[in-house]
Amino acid sequence: METLLGQTQTQAQAQTQAQTQAQTQAQTHLASLAAALRTAAVEWRFPDGGRVGQLARLEWKGGDQTLSFRVAGSTPEEAQDRAAWLLKESQRFLRERLWEVYRALGQAELAKAKENLETLRKGLEAALPKVSSAGSPALAPYLEAQGVSPPVARPKTPPPPTSPLSGPSFGTRWPRSRPRRTG
């Protein structure tokens, strides 16, 4: 019972540690995205021609994981329009970066899966028995899966070959017919 309790506690600790690592990793990725956004946004221009780097400030607060904007304008309406535009462009920028990351991760996973499949294929080829084309009932499904037509993969077993020399061996004595005696 103590062993089971110890295993349960160890599993709970491992789960908590994994969750903490995942949260730390997510915070690091979000901070990196926010830094990339701040760097890129400096060069952007608002629709009215003003430079974002001069008229806005983007701040990332890692503790509460928020990204805030401070936008200047000659009127409150102009500042609000610039802030709305900056929010829309920031969302587009972040969405594009996330798609790039997920696309790269997907391609890496696909490449790894293809490599694993190739390794499995080679292992299967090495493990399969080498048989003649006469076929084996156990091997027929594999051959069909490889594109071999069913009549070839599942041939009917031909009768054993016959020749004039087959049959009893030459040293065997054959019974001789004897004439019957009458009388």
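The values are calculated or read from the model by the stated rules, or taken from the named source; none is laboratory data. Not measured: the values here are computed from a predicted model. Heads up: the accessible areas ignore ligands, DNA and RNA and are worked out on the full protein's heavy atoms, side chains in. Shrake-Rupley method; radii C 1.70, N 1.55, O 1.52, S 1.80 Å.
Taking a probe of 1.4 Å, how large is the accessible area per residue of segment 21-127, in Å²?
Details: 7710 Å² over 107 residues.
Roughly 72 Å² per residue, with all protein chains present.
With a bin width of 5 angstrom, please list the P(r) values of segment 42-157 as percents of all Cα-Cα pairs, from the 0 bin to the one holding the largest distance. Binned Cα distances yield the sequence 2, 9, 11, 11, 8, 7, 6, 5, 5, 4, 4, 5, 6, 6, 6, 4, 2, 1, 0.
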